[in-house]
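Encoded as structure tokens, the structure appears first; notes follow it.
The values are calculated or read from the model by the stated rules, or taken from the named source; none is laboratory data. The model shown is predicted, which means the values in this text are computed figures rather than measured ones. Ideal geometry is used to build each Cβ from the backbone, glycine not excepted, and the neighbour counts take in all protein chains shown.
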Amino acid sequence: MSVCEIPPDAQPRLSAHVRLQWDVVRECQVLLMPESVLALNATGYAIVALCDGQRRVSDIIAILSEQYGRPVEQDVLIFLNRLLNKRLLAIEDE
Amino acid sequence: MQTSPKPAGLLAELTYRCPLHCPYCSNPLDMSMYRDELKLAEWVRVLGEARALGVLQLHLSGGEPLQRRDLVELVSQARALGFYTNLITSALALTPAKAEQLKTAGLDHVQISFQSADAATSDLIAGTPSFAKKVAAARTVKALGFPLTINVVLHRQNIEQIESILLLAEELAADRVELANTQYYGWALRNRAVLMPTQQQLQQAEPIVRAARERLADKMHILYVLPDYYSHYPKPCMGGWARHQLTITPNGNVLPCVAAAQIPSLSTENVRQRSLAWIWEESPLFNRFRGTDWMPEPCSSCARRDIDFGGCRCQAFQLTGDAAATDPVCHLSPHHALIEEAVLAANQGHAAETTFIYRVND
């Protein structure tokens, strides 16, 4: 299966089929989609929360690197590529 | 006592009424005891209990869920409770007006069954003219912006159409397609000789699925499930008994899976008598095969016991009479010859039977 790589100037947002929701039972944020649930840890949620269709991948990396006080580029890219390949992210064509 | 896991999915079988007669239907052989269906208010109470237990995915199924006149209201209430709501439908009654009402009510996802890729084969398997309505409904669903899953139960009579089935799914712009070979319980077990594919059919299907996955990687997710009769090890049925999922039948019986009612030695638990939490956490039914302590040999000392959980309890019961036996699909099972014989018959042309025993409807 071909694997997509998210470009640094892409402006990702959650796909229309995906819902981000707080689960009071598991006490974490979850992504809900057809036939699947993905529980997010704090870092995962921090990344997803910045995917608003406006910010570029490079912006998200910069914001979180500053917030965490260390370079987080690899973590962010791995996570976003994982979401992209599960078709959980939408990237508008320029 | 170990803490119960939290269930993520609930299959709500709202009714066993259905316009189709598919010969592999997962509904019980005898549906007469399920006519006293839960009322809307009962479902809403039970859904609240399910959400409190941790269920996030609600699969509205049947029978045909659109036979319930209160479906739109139920979707609306379910959505308000925080479920991701999936409608699993034959789509015959999914008119544009109904689809719009469901969209407004907050329905998240629609899954439409197809029996094959053309009207003649599809209608023959469904036992009623239905293909054209399904195609129309699928287009409506996409036009309204729903994510669409197309599911096709594969078997001896349609697996050779797999390429056309994938093209149909692509043409209908399905987001997901589930191509699952028949699992032999209930109606499907009665029709096993007509439904079991040959080794050659499976070998021809495999590269077609692989090529479609490659070609459609960024458009469509393709789930392809092989028949477990051809496997070396059993399937991890339900990801383990009473671990992730539960099923509620039209009259409120709660089961670890759709087929579990076929095991007569198990107790019956119903939401009209007990809370869902008690049934999930405490009932003998849900604890009977939970974890690995119940396992006999060869499972109990097997390195794969936490991978496949001993396979399927219902299949073990149906084929050996003992629900606690190792799934006969496993090559280590002392009953494995039962599987080998069925596979051999399917490949030797002994399966001359071509007449379906159709699922009956009241």
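Which ones in the stretch B:1-42 are touching a residue at least 40 places away in the same chain (Cβ under 8 Å), within 13 Å of residue B:65 (Cα to Cα) and out of contact with any strand residue (DSSP E or B) (no Cβ under 9 Å at 6 or more places or on another chain)?
B:15, B:16, B:17, B:18, B:19, B:37
Can you find even one residue in the stretch B:107-119 that is of a type in the set (D, E, K, R), more than 14 Å from every other protein chain (Cβ to nearest Cβ) and surrounded by fewer than 21 Cβ atoms within 10 Å (Cβ to Cβ)?
yes
Among the residues of the stretch B:318-328, are any over 23 Å from the mean Cα position of the chain (by Cα), outside any helix (DSSP H, G or I) and β-branched (Val, Ile, Thr)?
no
Output the residues belonging to the stretch B:329-353 that are out of contact with any Phe, Trp or Tyr (no Cβ under 9 Å at 6 or more places or on another chain), in a loop (DSSP other than H, G, I, E, B) and either modelled with pLDDT under 95 or crowded, with 22+ Cβ neighbours inside 10 Å (or both).
Once the filter is applied, which keeps residues that are out of contact with any Phe, Trp or Tyr (no Cβ under 9 Å at 6 or more places or on another chain), in a loop (DSSP other than H, G, I, E, B) and either modelled with pLDDT under 95 or crowded, with 22+ Cβ neighbours inside 10 Å (or both), the stretch B:329-353 yields B:333, B:348, B:349, B:350, B:351, B:352, B:353.
Taking the condition closer than 24 Å to residue B:215 by Cβ and within 14 Å of chain B (Cβ to nearest Cβ), does residue A:88 pass?
When the stated conditions are applied, residue A:88 passes them.
Across the stretch B:283-299, what is the total count of residues that are modelled with pLDDT under 95 and among the hydroxyl-bearing types (Ser, Thr, Tyr)?
Qualifying residue count, the stretch B:283-299: 1.
Could you please let me know if residue B:188 is under 21 Å from the mean Cα position of the chain (by Cα) and outside any loop (DSSP other than H, G, I, E, B)?
Taking the combined requirement at face value, the residue satisfies it.
In the stretch B:47-66, how many are touching a helix residue (DSSP H, G or I) at 6+ places or on another chain (Cβ under 8 Å) and assigned to a strand (DSSP E or B)?
Total meeting the criteria: 2.
Of everything in the stretch B:136-156 that's free of Cβ contacts under 8 Å to residues at least 40 places away in the same chain and outside any helix (DSSP H, G or I), which residue is nearest to the other protein chains (Cβ to nearest Cβ)?
B:147
Looking at residue B:180, is it within 14 Å of another protein chain (Cβ to nearest Cβ), part of a strand (DSSP E or B) and not β-branched (Val, Ile, Thr)?
yes
Can you name the condition, by its number, that residue A:30 falls short on among (1) free of Cβ contacts under 8 Å to residues at least 40 places away in the same chain; (2) among the β-branched types (Val, Ile, Thr); (3) more than 9 Å from chain B (Cβ to nearest Cβ)?
(3)
Test each condition in (1) in contact (Cβ under 8 Å) with a residue 12 or more places away in the chain; (2) farther than 30 Å from residue B:30 by Cβ; (3) touching a strand residue (DSSP E or B) at 6+ places or on another chain (Cβ under 6 Å); (4) within 14 Å of chain A (Cβ to nearest Cβ) for residue B:213 and report the one that comes out false.
Among (1) in contact (Cβ under 8 Å) with a residue 12 or more places away in the chain; (2) farther than 30 Å from residue B:30 by Cβ; (3) touching a strand residue (DSSP E or B) at 6+ places or on another chain (Cβ under 6 Å); (4) within 14 Å of chain A (Cβ to nearest Cβ), residue B:213 violates only (1).
Among the listed residues B:81, B:92, B:60, B:66, which satisfies the condition of being of a type in the set (A, V, I, L, M), closer than 27 Å to residue B:165 by Cα and in contact with a Lys or Arg (Cβ under 6 Å, 6 or more places away or on another chain)?
B:92
Out of the residues in the stretch B:216-261 that are within 11 Å of another protein chain (Cβ to nearest Cβ), touching a residue at least 12 places away in the same chain (Cβ under 8 Å) and not in a strand (DSSP E or B), which is nearest to residue B:340 (Cα to Cα)?
B:244
Which is touching a Ser or Thr at 6+ places or on another chain (Cβ under 6 Å) and in a helix (DSSP H, G or I), of B:75, B:44?
B:75
Criterion first (within 14 Å of another protein chain (Cβ to nearest Cβ) and either within 10 Å of the chain's Cα centre (by Cα) or of a type in the set (Ser, Thr, Tyr) (or both)) does residue A:15 satisfy it?
yes
Mind counting the residues in the stretch B:262-285 that are in contact (Cβ under 8 Å) with a residue 60 or more places away in the chain and within 22 Å of the chain's Cα centre (by Cα)?
So the answer is 5.
Hey, could you check the stretch A:37-60 for residues that are small (Gly, Ala, Ser) and free of Cβ contacts under 8 Å to residues at least 40 places away in the same chain and say which is nearest to residue B:6 (Cα to Cα)?
The residue in question is A:39.
Among the residues that make up the stretch A:53-63, is at least one of them exposed (fewer than 15 other Cβ atoms within 10 Å of the Cβ) and closer than 30 Å to residue B:106 by Cα?
Yes: one or more hits.
Take residue A:7 and tell me if it is surrounded by fewer than 16 Cβ atoms within 10 Å (Cβ to Cβ) and either without any contact (Cβ under 8 Å) to a residue 60 or more places away in the chain or more than 9 Å from every other protein chain (Cβ to nearest Cβ) (or both).
For residue A:7, the condition - surrounded by fewer than 16 Cβ atoms within 10 Å (Cβ to Cβ) and either without any contact (Cβ under 8 Å) to a residue 60 or more places away in the chain or more than 9 Å from every other protein chain (Cβ to nearest Cβ) (or both) - is met.
With the structure loaded, tell me whether residue B:128 is away from chain A (no Cβ under 14 Å), polar (S, T, N, Q), over 19 Å from the mean Cα position of the chain (by Cα) and over 29 Å from residue B:257 (Cβ atoms) or whether it fails that test.
no
Considering only residues that are surrounded by fewer than 20 Cβ atoms within 10 Å (Cβ to Cβ) and not β-branched (Val, Ile, Thr), which ones fall in the stretch A:80-94?
Answer for the stretch A:80-94, where residues must be surrounded by fewer than 20 Cβ atoms within 10 Å (Cβ to Cβ) and not β-branched (Val, Ile, Thr): A:81, A:82, A:85, A:86, A:90, A:92, A:93, A:94.
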